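Comments concern the structure below.
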Amino acid sequence: MTEFPLMICALRRNKGTVVLLVALIAFSVAVVTNCGFLIFNVVTDSLTSTGVDESNIGIIQNIGVIGKSDGLPVAENLAQLERLPFVKATAFGLPPLAGVSEIEVANSLTQPPDISVSYFEGSQGFQETLGLKVIEGKLIDANDIPDAVTQDKLLPILITQQLAIRLFGKQNCIGELVYSESRRFRVAGVIATLKSTIPEVTDLSIVASQRFHDERYGGIYLIRSKPGHIDSALALASKKLHELNPYHVQPLVQTFSKFREDRLSKRVALAQVLALLVAIQSVVTSFSMGSLTSLWVTQRKIQIGIRRALGSTASQVRVYFLIENLIIAGVGSTFGVVLGIVCNRLLMQIFEVAQIPWSWCLFPFILSIFVGQMFALGPAISASRVSPGIIMRI
Amino acid sequence: MLFGYHLKLAINSFWRNRWLTCQMILTIAFGISAWCATFSALSSLSGDPLHGRGTNLYHPQVDPTPASIREANASPPSNLTLRDARALYRAAPQNMRVMTSRNWLPVVLSLGGVNQSRMAITRSTTADFFKLFRVPFLYGHGWSDAEGDAGQRVVVLSKKTNQQLFGGRNSVGSVIEIATKPFVIVGVIDQWEMIPRFYDLSDGAFASNEELFIPFDTWLSLPQDYGYGPMVCWSNQEADMDHNPESDTCTWVQLWVELQGAGFEGYKSFLHNYSIDQRNLGRYTRPPNVRLPNALTWIKTNRAIPDSVRVQYWVANSLLLVCLMSTAVLMVVKFRGAYKEFGLRRALGASSQAIFKQLIIEAGLIGLIGGIFGLIFSFFIMTILQRAPDGYASYITIHPSDLAISLFLSIATTVLAGVIPALRVSLNSPYRQLVDG
């Protein structure tokens with residue numbers, strides 16, 4: 001590290017350019033920090049499963065027309081759909097990513113219900129249609145599902161592993177009671193995960209079922225097909241439902257995968273555009289960094305020659321330029337990360353953006369230093385090839 | 001000509017540093033292309049959708065909410081209760097005004113002889129709508145105030161719906177079934193889009209277009225449970241929260257009034273007095289809290305332009321800044337490479353201003369060429385932006401004025417980026433330049 005003062009001295013001689021380069025890197029890193037985080041979130045959201053058997057679920061919205069026949073009761077529709085070929089299970093209720101409500105619960109009556117959770121509810125067959133699998137306890141027994149009309153009932157529920165730990169500090173909580181402001185629940189089983197769209201409580205979920213009989217509601221029917229047959233099952237189910245309820249309208253008939261894709265599509269499109277802009281920006285910044293290092297090598301050919309003549313090895317010269325670049329990229333990236341975080345906190349007040357954790361900043365920081373080193377490598381190698389004989393030509 | 005001479009020198013210097021020059025041109029081109037495309041997208045969606053009349057169209061807001069419930073919210077609700085909307089609508093018969101809302105209703109179509117229902121996006125509105133927003137008609141016309149007030153079952157179709165239901169022929173006089181009731185078609189509008197659709201932002205300013213237009217009172221009296229647009233209710237009584245359109249504790253009606261010049265002040269004080277009257281009657285509990293934004297202010301405060309478009313624009317701004325800083329770095333590199341030449345020219349009598357001028361012309365030329373390439377690339381970026389799965393995507397395009405602004409920006413900013421490197425070179429001593437070069 002005896003070269004360190006030398007480097008500082010060399011950089012000070014080019015202060016203006018060094019400041020410009022540091023500012024350029026800082027600005028780039030700040031943008032990459034913010035856009036990269038947004039892109040990262042979209043990618044993780046599109047890859048994270050909601051916890052249900054997504055590829056085999058279909059959704060049919062079935063709305064009644066007021067003034068016309070009410071159609072069949074929910075239970076009858078469900079029974080008819082269940083008999084169709086390819087259909088494994090059916091339910092009346094909203095799928096994850098759509099209808100989920102947020103309620104407050106507690107683990108005892110003496111506590112005020114202050115733990116926010118995502119609440120999913122459907123008819124009989126809901127848990128089977130979603131394809132939920134318990135890791136503790138068992139699925140809600142069909143005989144235990146109370147009628148929708150029953151008042152003040154004890155609803156059996158499934159809860160996610162995270163909620164089990166949050167409520168009871170442990171995973172094993174079968175049979176425990178959970179209370180909300182107006183209802184009581186009994187934990188029948190624990191499922192690994194069921195993601196909702198409500199931030200903060202995304203994996204603190206409760207699944208409940210109620211039995212429908214003669215109710216004639218319009219709403220959403222879910223079907224789960226035998227693996228790989230969702231398209232045929234959905235088409236058959238839509239047709240059947242229309243036959244059974246000729247005056248109903250079906251504004252939405254979609255597989256869950258398509259439904260999910262549509263919901264994410266706007267964010268994916270934005271992420272793609274931002275990825276393109278950030279990529280251009282990174283390339284531009286990297287090339288200017290490379291060009292400047294290259295210039296410095298050319299400018300200092302004589303000095304390099306002298307050092308080589310005085311005994312420096314080629315690798316020492318190479319390392320010298322790489323470390324010089326490391327200092328500039330390191331300082332620039334540090335400023336960049338701070339600037340990025342400040343921008344994020346400001347943007348949070350204008351747009352709906354998530355707060356960037358400091359740990360995330362390691363990614364743009366390391367990336368910037370790595371790219372800097374890659375682009376400095378060429379000039380550094382050419383510097384190490386400068387012949388000591390060059391000083392004879394001064 | 002001295003300018004010609006500088007230009008010749010600049011071109012020579014480009015040729016000598018082909019790689020660096022290309023790099024600078026590409027850098028500027030990238031920066032400008034992204035800026036031009038995102039700026040065009042933003043400006044396509046901004047602007048006055050009424051072409052100059054946006055400042056005369058006002059959105060009255062009064063505040064019927066009790067202070068105890070909405071303490072935190074200083075501004076009145078966006079929409080009106082039905083009672084207020086009717087009162088304000090009736091109070092200004094001399095002005096063009098519109099009372100409107102939106103939902104979807106089942107309409108029966110006959111496909112291959114089989115009757116099938118589908119949901120159609122429906123706008124309920126009073127008669128002035130078509131005149132106020134200058135809606136062009138393909139066949140027939142709108143309805144009259146009298147027809148609207150009488151709750152007659154008449155409907156105006158959009159061009160697309162007419163195409164779907166009647167194959168595009170003149171369907172005026174035909175009858176269709178909407179929400180179980182027969183409606184007579186009185187008009188079919190031509191292709192018409194309000195960008196952004198400021199008069200109802202509840203589903204977003206670029207949501208799907210309306211398919212049916214029905215008189216407000218007729219629509220309200222239909223047997224329906226399909227929502228009444230952007231209804232917001234407040235009450236401690238459960239019954240009042242039942243999303244009842246007639247309720248005094250639910251706002252959902254949008255009202256727009258055209259006011260000319262001095263009419264604004266008069267109308268605002270009318271709203272103020274109306275609020276005092278309502279308070280005296282015991283309906284309002286708060287002191288008068290009125291707003292009267294015009295269409296342009298309304299678009300701005302409600303952020304009708306999608307966030308994604310604005311985010312892209314700001315990221316493109318930062319990309320442009322990075323590209324300019326990179327160009328400045330590259331200029332330092334390039335000018336440094338020509339030290340000997342500058343030293344020689346200075347030694348032979350060229351002034352530092354002459355060197356500065358030459359470098360600035362060089363920078364301007366790079367800005368011009370980079371800008372031209374940028375404009376070409378911007379069409380490519382625009383096709384990517386237009387692929388966004390969002391209602392606004394079909395409205396964004398690059399206008400010639402956007403190209404002109406971008407080209408000017410390209411030259412101006414590149415010259416600006418070149419100023420400091422050029423100053424450094426031109427102020428350096430010729431001796432040092434000859435020795436260091």
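Mind checking which of B:Thr27, A:Val29, B:Ile214 is farthest towards the positive end of the protein assembly as shown's charge dipole, using Cβ charges of +1 (Lys, Arg) and -1 (Asp, Glu) about the Cα centre?
B:Thr27
Less than 12 Å Cβ to Cβ from B:Val108, Lys/Arg counted +1 and Asp/Glu -1: what total charge do the surrounding residues give?
Values: positive: A:Lys68, B:Arg118, B:Lys181; negative: B:Glu177.
Cβ neighbours under 12 Å give a net charge of +2.
Using the Karplus curve 6.51 cos²θ - 1.76 cosθ + 1.60 with θ = phi - 60°, work out ³J(HN,Hα) for each residue of region A:381-389 in order, rounded to whole Hz, and write x for Gly and Pro.
5, 5, 5, 5, 8, 5, 7, x, x
Could you tell me what fraction of 2.2 N^0.38 Å the Cα radius of gyration of region A:108-259 comes to, as a two-decimal ratio?
Numbers: Rg = 17.1 Å, N = 152, 2.2 N^0.38 = 14.8 Å.
Dividing the Cα radius of gyration by 2.2 N^0.38 Å gives 1.15.
Grab the beta carbon distance between A:Leu252 and A:Arg186, set R0 = 30 Å, and tell me the FRET efficiency rounded to 0.05. Write out the running numbers ahead of the final one.
Working: r = 34 Å, r/R0 = 1.12.
My answer for the efficiency is 0.35.
Using θ = phi - 60° and the Karplus form 6.51 cos²θ - 1.76 cosθ + 1.60, what ³J(HN,Hα) does each residue of region A:138-148 get, whole Hz, x for Gly and Pro?
These are the phi-based 3J(HN,Hα) values: 8, 4, 5, 5, 3, 6, 7, 5, x, 5, 4 Hz.
Out of residues 5 or more away from B:Gly140 or on other chains, whose amide H comes under 5 Å of its own, with H placed 1.01 Å from N in the peptide plane?
B:Val188
Summing Lys, Arg as +1 and Asp, Glu as -1, what charge do residues with Cβ under 14 Å from the Cβ of A:Ser196 carry, A:Ser196 excluded? Before the final figure, lay out each step's value.
Values: positive: A:Lys195, A:Arg260, A:Arg263; negative: A:Asp45, A:Glu102, A:Glu121, A:Glu200, A:Asp203.
My count for the surroundings of A:Ser196 gives -2.
Hey, fewest Cβ within 10 Å first, where do B:Trp104, B:Trp252 land in order? If you can, show how the numbers build up before the last one.
Working: B:Trp104 21, B:Trp252 25.
Neighbour counts put them in this order, fewest first: B:Trp104, B:Trp252.
Nearest-5 percent of antiparallel DSSP beta bridges in the protein assembly as shown? Mind showing how you got there, number by number?
Details: 65 of 87 bridges.
So the antiparallel bridges amount to about 75 percent of the total.
Given R₀ = 25 Å, what would the calculated FRET efficiency be for A:Gln151 paired with A:Ile66, taking r from the Cβ atoms and rounding to 0.05? Each step should come with its number before you reach the end.
Numbers: r = 27 Å, r/R0 = 1.09.
With R0 = 25 Å, the Cβ-Cβ based efficiency is 0.35.
I'd like the mean, over residues of A:202-212, of how many other protein chain beta carbons sit within 10 Å of each residue's own Cβ.
Mean partner shielding for this stretch: 0.
Suppose we keep just the DSSP beta bridges with both residues in chain A; what percent of those would be antiparallel, to 5?
Values: 32 of 46 bridges.
Around 70 percent of the beta bridges assigned by DSSP in chain A are antiparallel ones.
Per Stokes-Einstein, at 25 °C and 0.890 mPa s, what whole-number D in µm² s⁻¹ belongs to region B:54-301, with the Kirkwood radius over Cα pairs as the hydrodynamic radius?
129
Give me a single rounded figure for A:364-372: the average over its residues of other chain Cβ atoms within 10 Å of their Cβ.
On the way: counts 0, 0, 0, 0, 0, 0, 0, 0, 0.
Across A:364-372, the average partner-chain Cβ count within 10 Å equals 0.
If you average 1/r over every pair of different alpha-carbon atoms in region B:66-177 and take one over that average, what Kirkwood value in Å do you get? Intermediate values should be presented prior to the final figure.
Numbers: mean 1/r = 0.0592 Å⁻¹.
Answer for region B:66-177: a Kirkwood hydrodynamic radius of 16.9 Å.
Please determine, in degrees from 0 to 90 and to the nearest 10, the orientation of helix B:2-16 with respect to the longest principal axis defined by the Cα atoms of chain B, where the helix direction is its Cα long axis.
The two axes meet at around 90 degrees.
For A:Phe40 and A:Ile198, calculate 0.36 nm times their separation in residues minus their Cα-Cα distance, and state this gained length in nm to one decimal. Spell out each step's value before the answer.
Details: separation 158, 0.36 × 158 = 56.88 nm, distance 1.86 nm.
Difference between extended and current length: 55.0 nm.
What dipole magnitude, in Debye to the nearest 20, does chain A give about its Cα centre under +1 on Lys/Arg Cβ and -1 on Asp/Glu Cβ? If you can, show how the numbers build up before the last one.
Details: 34 positive and 29 negative charges, 512 e Å.
With Lys and Arg at +1 and Asp and Glu at -1, about 2460 debye.
At 7 Å along Cα-to-Cβ for each site, give me the label-to-label distance between B:Glu265 and A:Ser116 in nm.
4.8
What's the Kirkwood radius of chain A in Å, using all Cα pairs?
Details: mean 1/r = 0.0389 Å⁻¹.
Result for chain A, one decimal place: 25.7 Å.
Among A:Ala106, A:Val317, A:Val87, whose Cα projects farthest towards the positive end of the dipole of chain A, with charges put on the beta-carbon of Lys, Arg (+1) and Asp, Glu (-1)?
After comparing all options, I get A:Val317.
Quickly rank B:424-431, A:335-342 as a protection proxy: mean count of other C-beta atoms within 10 Å, highest first.
Numbers: B:424-431: 16.0, A:335-342: 19.9.
For the peptides B:424-431, A:335-342, the packing ranking is A:335-342, B:424-431.
Compactness ratio of region A:169-252: Cα Rg over 2.2 N^0.38 Å, N = residue count?
Details: Rg = 17.9 Å, N = 84, 2.2 N^0.38 = 11.8 Å.
Working it through for region A:169-252, the quotient is 1.51.
Relative to 2.2 N^0.38 Å, what does the C-alpha radius of gyration of region B:134-204 come to as a ratio? Two decimals please.
Numbers: Rg = 13.1 Å, N = 71, 2.2 N^0.38 = 11.1 Å.
Expressed relative to 2.2 N^0.38 Å, the Cα Rg reads 1.18.
Roughly how big is chain B's charge dipole about its Cα centre, with Cβ charges of +1 (Lys, Arg) and -1 (Asp, Glu), in debye to the nearest 20?
On the way: 37 positive and 31 negative charges, 479 e Å.
The dipole magnitude comes to about 2300 debye.
Percent of Cα-Cα pairs more than 14 Å apart in region B:177-224, please. Mind showing how you got there, number by number?
Details: 699 of 1128 pairs.
More than 14 Å apart: 62 percent of the Cα pairs in region B:177-224.
Under the definition of partner shielding as Cβ atoms of other protein chains within 10 Å of a residue Cβ, what is the mean value for peptide A:266-277? Could you put the intermediate results ahead of the total?
Working: counts 6, 2, 2, 8, 10, 1, 3, 15, 5, 0, 6, 11.
Shielding by partners across A:266-277 averages 6.
At 7 Å along Cα-to-Cβ for each site, give me the label-to-label distance between B:Ile276 and B:Asp48 in nm.
3.3
Name the residue farthest towards the positive end of the dipole of the protein assembly as shown from the options B:Trp256, A:Gly175, B:Ser394, assuming +1 on Cβ of Lys and Arg, -1 on Cβ of Asp and Glu, about the Cα centre.
Highest projection toward the positive end goes to B:Ser394.
Place a +1 charge on the Cβ of each Lys and Arg in region A:69-246 and a -1 charge on the Cβ of each Asp and Glu, then give the dipole magnitude about the Cα centre in debye, rounded to the nearest 20. Before the final figure, lay out each step's value.
Numbers: 17 positive and 21 negative charges, 113 e Å.
Here the size comes out at about 540 debye.
Kindly provide the Kirkwood hydrodynamic radius of region A:333-394 in Å, to one decimal, from all pairs of distinct alpha carbon atoms.
Numbers: mean 1/r = 0.0675 Å⁻¹.
One over the average 1/r among Cα pairs gives 14.8 Å for region A:333-394.
If you take every DSSP beta bridge fully contained in region A:90-230, what fraction is antiparallel? Give it as a percent rounded to 5. Walk me through the intermediate numbers first.
Values: 20 of 33 bridges.
Just about 60 percent of them are antiparallel.
Provide the packing ranking of B:120-129, B:349-358, B:275-284, i.e. peptides ordered by the mean count of other C-beta atoms within 10 Å per residue, highest first. Provide the component values of the computation, followed by the final result.
Working: B:120-129: 22.9, B:349-358: 16.0, B:275-284: 14.3.
Ranked by mean Cβ neighbours within 10 Å, highest first: B:120-129, B:349-358, B:275-284.
Among all cysteines in chain B, which have no other cysteine Cβ under 4.7 Å from their own Cβ?
Those would be B:Cys22, B:Cys36, B:Cys323, since no other cysteine Cβ in chain B comes under 4.7 Å of theirs.
Residue by residue, what Karplus-based ³J(HN,Hα) values in Hz, rounded to whole numbers, does region A:10-27 have, using 6.51, -1.76 and 1.60 with θ = phi - 60° and x for Gly and Pro?
With the stated coefficients, region A:10-27 comes to 5, 5, 5, 5, 10, 3, x, 5, 4, 4, 4, 5, 4, 4, 4, 5, 4, 5 Hz.
Using the basic label-point model (7 angstrom from Cα toward the beta carbon), what is the B:Lys300 to B:Leu368 distance in nanometres?
Inter-label distance under the simple model: 3.7 nm.
Can you compute the helix-only [θ] at 222 nm over chain B? Use -39500 (n - 2.57) per DSSP H run of at least 4 residues, normalise by all residues, nearest 500 deg cm²/dmol.
Working: 14 runs with 209 residues, N = 437.
For chain B, the value works out to -15500 deg cm²/dmol.
Debye sum, Cα scatterers, region B:323-437, no solvent: what log₁₀ I/I(0) at q = 0.19 1/Å?
-0.93
Hey, can you grab everything whose amide H is under 5 Å from the amide H of A:Ile135? Only 5+ residues off in sequence or another chain; H modelled, so Pro and N-termini drop out.
So A:Ile135 has HN proximity to A:Val190, A:Ile191, A:Ala192.
Helix A:256-299 versus the longest principal axis of chain A: what is the Cα-based angle in degrees, 0 to 90, to the nearest 10?
0
Helix B:82-91 sits at what angle to the longest principal axis of chain B, using alpha carbons and giving 0 to 90 degrees rounded to 10?
80
Which whole number of Å³ per residue matches the convex hull of the alpha-carbon atoms in chain B?
Details: hull volume 90.7 nm³, N = 437.
So the per-residue hull volume is 207 Å³.
So what is the orientation-averaged projected area of region A:1-106, using the convex hull of its C-alpha atoms, in nm²? Don't skip to the end; give the middle numbers.
Working: hull surface 69.6 nm².
Convex hull of Cα atoms, orientation-averaged projection: 17.4 nm².
Residues with amide H under 5 Å of A:Thr255's amide H, sequence separation 5 or more or different chain, H placed in the peptide plane at 1.01 Å from N; which?
HN-HN under 5 Å from A:Thr255: A:Ile59.
For region B:245-326, what does the convex hull of the Cα positions come to per residue, in cubic angstrom? Kindly include the intermediate steps, with their values, before the conclusion.
Working: hull volume 13.9 nm³, N = 82.
Each residue corresponds to 170 Å³ of Cα convex hull volume.
Coordinate-derived values only; no laboratory data. This structure is a prediction, so every number in the text was calculated from the model and none was measured. In this analysis, Cβ positions are derived from the backbone assuming ideal geometry, glycine residues included, and neighbour counts consider all displayed protein chains.
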